[in-house]
Structure formats: structure tokens, C-alpha cells
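S.K.: Quick one: this structure, given as C-alpha cells, is what I'll be asking you about.
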Amino acid sequence: MAAERRRKATGGLSGLLLRICEEGKDSIPEHPYLYETDIEISLVGGSCRSPVEKFWNGSNAMYILQKATHNEESDSMEESRRDDAVHASEVLPKESPGALALSVGRAKQLISLYTMVQNPNMTYQGMSDRVVLPPLWARCDGSDPQHTCWIGAEPLKAGNRVTGLNIYTVSCDGPTADKTCFANLEELKMEHKIRHHSSVVTTKGFAQYELIATTAIEDTIVESGSKICVDITWNGVEKILETPPLISVATLNIALESGDPRSPVFPLYRELQFLLALAEGLKTGVTEWPEPSESESALTLVQEFLTDLKKKLDGDYILENKSETEKIKCDTAAVDSCIKSIFGERGDLDFTEQLWCKMKSVSSYQELIDCLTLVIKSLERGEIQPWIHQGSSSFLSQLIQQSYHGKMEDVSLSDITPVQMLLEIGLEKMKKDYVSFFIGKSRSSLLFQDYFISTSVDLQEQVHRVQKLHHMLEIVVSCTGFLQFRHENLFPLTQICMKYYKENPLNEKHVFQLPIRPALVKKFYQNDNPEVWRVEISSGHGQKEVKTTWQVSTSAPVEHGTSDNSGFFSDSTVNGSTEERLYFITMTQCSQVQFT
């Protein structure tokens, strides 16, 4: 009788897993499916973040099993359909992971059923054709002595045939600052040899160090998504928490959000924000103007600028305005020396670029009209003959070129025309700023430059691409100023950023990865504690390979261990010290089930 119930449960599970797999071929289902009355099954893959990524590196789709959430409606539906073991059409809302962990005993039952489903030597209802299903992971509540937080099963394949399973058990403890709780490497290796009857084992180390992260300023935490860390891997680990040797392989991971007031390019970021406000105003008809300046108004600055040009008018005049250069230097006072040399002293600002520098503080639509009216009248009267860059395509540049011949078209400064005129000259000026940096400082090739400065797309898309340029600038400047990167590192970093942004929309949460030599950043981490430190002990080869992984991390390795009081995080103590780094301890053990 018990065998029959188990056989029926296995058939029910196999049918549901196969259905979920089939429905997930085109797109991952958004909601979980209900198995029996207590289990939710979700398919995770594609762009979805894996909940087991911190201790399992599988990249394909997987099943995630957890406790079902219940409400009155679903309970009544279950009662009416009790005769069916699988309510595959049931779609239930997801809740916080903390409340959804299964008992370790129930998780083991499900892994056992999954093992039977995958075993080619067994037959049951629900699957006529043998199919290799995705791996399966079950959340656990840590209620057992080992504090198990996940149990997983991964098929071992030979072609399209399942030959066995890897069974994973993940246990968690902490957080603790007591390093006497940490494992001994030789004991870990011996335990692995005994468990897997191995005479030879190999070790591989991994460490992650934060180089730039959220910092405190005057007792206030600056919340930011910005983070620069380095991942380091090496072979032949000799002791727990050892510092990686210089022969290791290192990858820099960079995720930066623009707009940090401490950034040396923050003045340029503010300039970009005004450009974005103009672009939004052009799109919606409503522009958010900056607050009026406490110093001179934009109108006064434009009047003084035009008056100065009139006094200096010369037939072969090339515009070199010392006062404007000084003003730009003043505007970039917060910029460090390596950036100031690019932005603060760019000596080829033409008339429209200098006009943008005056007008970026314009505080109303009427002031914008008044400023442009002064410029257009001065051009019409021939009072100024300003120099502009060759190839400049803004509407104002076209008017300037017409003024050279003494005839200009009539301009109606109404509706969105003034906003568009200002946006155009701001776009041209900022594009040249960014290109000047990437050519001059990082010596980037022009491989993707045409994409970023193209005028063949509409203004909104041009603005979007300028945002991408600014994000790249923030990344390169951070690595230049903080990590003291030189050309040999800035060049590949810039190319990586450009390649990504040519193919993708703006994404300030994207992590850019740059292979580097550990020696380049060793001084930043050699005396620091790692955020993650891990040793992987392995034996066997190919599909016979088995691993034991021991890890410490400053962040919780599992989502469902931090939101309730169950199991694996309840016994830790902190010795009242804020100096000691608190670590979570994670152990992942693997065993194999062979079918052939």
C-alpha cells in the first residue's frame, strides 16, 4: 500500500515537472505550480537570479521547491480537487523566502521522489518518454543538527541519458566573529577522502575583496549601489583564510551609479541632469528649470559674453576667451587633477559651447527666450561673427553659418523651439567633452565612437547615448582616481564598457568585469578581510568528480535564513565588538547516486 502511494506520488511529480519544463521552453513561467497540498514548484532560469548562485554554479534552468502559501480560495479549490495529486494549473502568489522553507525531512522526501523520476530503470505513470529534467533544489528550514538550508539534485548525463545524480546538501551557521568555529583545512580534506574513498584530492581557493563600497561621511551612511570588488581564484590552498598568492587569476567587478557628490565628475553629472531635463521637457512640454542662481543670472552672463565679443570683433578672429576658461576652471574646482586637465582646460570651446556654459543656469522659459533673442539679434545685426566647430549641426550653428553671408532665416522663439535649440548645443558640447576624455585620457580607439556621437538618430536617443558615455566616464574616473589605473588597464576597460553599451540600454546596475593581475590591486586588500573566502576540495574526474566546499561570507548565503528565527542563524553570538568581522559559515557537500 505504501509502495503504491509512493509510486503514485512519483508519477504525479514527474508529470508536473515535465509540464513545467515544457511550458518554460519559450519563457520562464511567472508563477509557481502547486504539488500535492503543501509544495510550490517554480522554474528559475534565463535572466532570473538564481537563489543558489552563492554555492552552486550551474547556469541552466532549475526547479525551486518550497512550502506553499495558502489562502481561503486556494484551500477550497484543493478540497474540490483532492482526488488529483497534482494541481498543475494552480498559480499562487510568491511571498518572502523566510516563511517558505520546508522541513528537512520533507525536502529529503521530495529529493527521493525526484531521484526515482530520473532513474531510467524505473517505470511509472506520467512520463512515457524518458526526458532529462532540470536540476531540482529544495529550501530547508535548518531544523536538523547540521542546519541544512538547501538540498539539491543534479542529473549526470551521457548524451540524452541520465546515468546518475549529484546530491548536494548545503548547511549554514552564523554570523559569528569567533574564528575558532572555522574548519581546519586538513580535517576537511580527510573527511572528504573518507566520505568518497579518495586517496588524492585537489584544492581551489576563491576570495572576494571590496575595494569601493558604501562609506560613511560625518556619521551618515551614503546609500549607493556603487561597488568595486575583486574576485580572485587560485589552486593549491594551504590554509583557511589565506591571502591569495600573486600567481592567482583576478577579475575586477565594477558596478557604479552616477551622481555621487564625492565624485570628481559630479559637476559634469549636474550638467547632464539639466540636459536630461531639457530632453524631458521637449518630450512632455513641461520643463523643470534649475533654481535661480545666487550669483549672476544666465541672461546677465549672456549679455556680458556678447558685449565682450563685440569689443573683440576681428575679421580673422578665432575665439579664445580667457575669462571663460577661468569660469570653466571655477566650475570644475571639485575635479581632481587628472580630470581637470581634460574638462577644465579644453581649449577648443566654440561659440555655441561657451554659450551653453552661460545658459545652463537658465531658470525659466522666459529667460531662455530672452537669452536666445539677444544672440539672434546680435547675429542679424552683424555685431558678432562667432567661430563654430566644423560639422556642428545644431539649429543655432546653422543660423551662425547663415549670418556669415548676411542673411538669416526668420526664427520664431515659441513653443518647443527654444528648448530644442538649447538642448542641441548642450548635446554637442557634452559629446565633445566625453570624447575628449576617452581619446585623451584612456586613449580609446574610435571603434565605437560613431555610435555614441551619431546625429543620425533623434535627439532623445542622442541624449540616451550621452548618458551611457557619462556612466562609462564615472567608471573610468573611479578606476583612475582610486585604483590609479594606467593606460594599459584603462584601454581594455573602456573597450568593455563601449562594447556593452553599443548593444544594451543604460543600466547602472550592470557589473562590468575586467581581468587584471592581482598585484595591481593587492595593496588595497592585502591587509583587509575578505567579503567571501572559499575553499573547494575535489576528487575524481569528469562525471565522477565530487566536491566539498567550505565558505565564509559577510552576507547571508541564503535568503530564507535571515527573515525568521528558525535553525541556522539562531545560535550565533557577537562578543560585543564592532571591530571583528562577522562571518556566515557555509558547507556544501556532494554525494552521487549511480543508475548504471
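The values are calculated or read from the model by the stated rules, or taken from the named source; none is laboratory data. Predicted, not measured: the structure shown is a model, and the values here were computed from it. Glycine also receives a Cβ, built like all others from the backbone with ideal geometry; neighbour counts cover every protein chain displayed. Just the protein is used for accessible areas: all its heavy atoms, side chains included, with ligands, DNA and RNA removed. Shrake-Rupley method; radii C 1.70, N 1.55, O 1.52, S 1.80 Å.
S.K.: For W289 and E53, what is the calculated FRET efficiency with R₀ set at 41 Å and r taken between the beta-carbons, to the nearest 0.05?
M.R.: It comes to 0.35.
S.K.: Ranked highest first by average number of other Cβ atoms within 10 Å, how do 131-141, 390-400 line up?
M.R.: Listed from highest to lowest mean packing, they are 131-141, 390-400.
S.K.: Taking the stretch 252-303, which trypsin sites (Lys or Arg not before Pro) meet the DSSP loop condition and have no more than 14 other C-beta atoms within 10 Å?
M.R.: Passing sites in the stretch 252-303 are R262.
S.K.: Could you tell me what percent of the accessible area of the stretch 376-420 is made up of carbon and sulfur, with a 1.4 Å probe and every protein chain present?
M.R.: Whole-percent figure for carbon plus sulfur exposure: 42.
S.K.: Relative to the present Cα-Cα distance, how much length would full extension add between K311 and R486 at 0.36 nm per residue of separation?
M.R.: 58.5 nm
S.K.: Mind putting a number on the dipole of the stretch 348-498 about its Cα centre? Charges go on the C-beta only, +1 for Lys and Arg and -1 for Asp and Glu, and I need it in Debye to the nearest 20.
M.R.: Result for the stretch 348-498 is approximately 520 debye, rounded to the nearest 20.
S.K.: Accessible area per residue of the stretch 381-428 at 1.4 Å probe, in Å²?
M.R.: Per-residue accessible area for the stretch 381-428 comes out at 50 Å².
S.K.: Report the FRET efficiency, 1/(1 + (r/R0)^6), for L506 and R195, where r is their Cβ-Cβ distance and R0 is 30 Å, rounded to 0.05.
M.R.: 0.05
S.K.: Students often get this wrong, so check it: of K310/K360; K227/K360; K189/K509, which have C-alpha atoms separated by over 29 Å?
M.R.: Distance filter (> 29 Å) returns K227/K360; K189/K509.
S.K.: Something else now. Quick one: if the Förster radius is 41 Å, what FRET efficiency do R270 and E36 give, using the C-beta to C-beta distance and rounding to 0.05?
M.R.: E between R270 and E36, to the nearest 0.05, is 0.10.
S.K.: Which ³J(HN,Hα) values in Hz, rounded to whole numbers, follow from the phi angles of the stretch 226-234 under the Karplus curve 6.51 cos²θ - 1.76 cosθ + 1.60, where θ = phi - 60° and Gly and Pro get x?
M.R.: For the stretch 226-234, the Karplus-derived couplings read 7, 7, 10, 9, 10, 9, 10, 10, 7 Hz, x marking Gly and Pro.
S.K.: Calculate what fraction, in whole %, of the accessible area of the stretch 445-550 sits on carbon and sulfur atoms when a 1.4 Å probe is rolled over the protein chains.
M.R.: Taking all protein chains in place, the stretch 445-550 shows 51 percent carbon and sulfur surface.
S.K.: Follow-up question, since we're still on this one. What residues qualify as long-range amide H neighbours of Y583, i.e. H under 5 Å apart, gap of 5 or more or another chain, H built at 1.01 Å from N?
M.R.: T176, A177
S.K.: Greater than 30 Å separation of Cα atoms is the criterion. Which listed pairs, K431/K522; K358/K468; K204/K502, meet it?
M.R.: The pairs that break the limit, which is 30 Å between Cα atoms, are K431/K522; K204/K502.
S.K.: Given charges of +1 on the Cβ of Lys and Arg and -1 on the Cβ of Asp and Glu, with all other atoms neutral, how large is the dipole of the stretch 144-186 about its Cα centre, in debye to the nearest 20?
M.R.: The dipole magnitude comes to about 320 debye.
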